[in-house]
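The numbers here are math on the coordinates, done by the rules we state, and not lab data. Because the structure is predicted, anything quoted here is derived from the model rather than measured. As a convention, Cβ positions derive from the backbone with ideal geometry for all residues, glycine included, and neighbour counts pool all protein chains shown.
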Amino acid sequence: LEGRQQVMNKAKMNALLIRVKQGDNDAFAQLYNQTKKGIYAFLYTYYNNVWDTENAMQSTYLRVKQYAHTYTENTDARAWLFQIAKNFALNELKKQKRETVVDESTLVSVGGKTETPTGEVFEALNKALDETEKQIVILHVLWGYKHREIAVELQMPLGTVLSKYNVSVKKLREYLIKGDNANV
């Protein structure tokens, strides 16, 4: 995928989270700036629209600051961030489901083609891939997770993750070559 984000190494993320835990606002700003694209992409897989994703991102980082004291030093900081984002998204979506009567016309407009700041590749991710495939690609490409780490994170066999990743890359390539008319 184009414009691959430089992945922050685990030691640096751990060090930043330790400083955030101690109340260091500069460390929080650095953590945010260096992880926001990955968290945004991860959350987008749950919401599939810019507005809800941006709101969820803000809430995720507020929770990061609020719950930094619960971070266990020298553990996987990326996984900790993802877990906060995932928990927030799942809780919000569950709450929305309980509170809202779903209108099919709303689903079409939300799921329809929208311009997002992430461009054509991100649109391809959302149109060509299912939720699991999107998560695997985002974890591997944007966050630099190894396939075995993704397997552990998503609780899947390594072979399944590798297979889904390879299928996803082919689907994305086909979608980007053929555009909206691709049969994916």
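Once the Cα-Cα distance is subtracted from the 0.36 nm per residue extended length, the K65 to L162 segment shows a gain of 31.5 nm.
Do any of K95/K178; K12/K95; K97/K146; K10/K178; K94/K146 go past 32 Å between their Cα atoms, and which? Beyond 32 Å between Cα atoms: K95/K178; K12/K95; K97/K146; K10/K178.
Using a simple spin-label model with pseudo-atoms 7 Å out from Cα toward Cβ, T75 and A11 lie 2.2 nm apart.
For region 1-83, GluC sites (Glu not before Pro) are listed when DSSP marks them as loop and at most 10 other Cβ atoms sit within 10 Å of their Cβ; the list is E2, E73.
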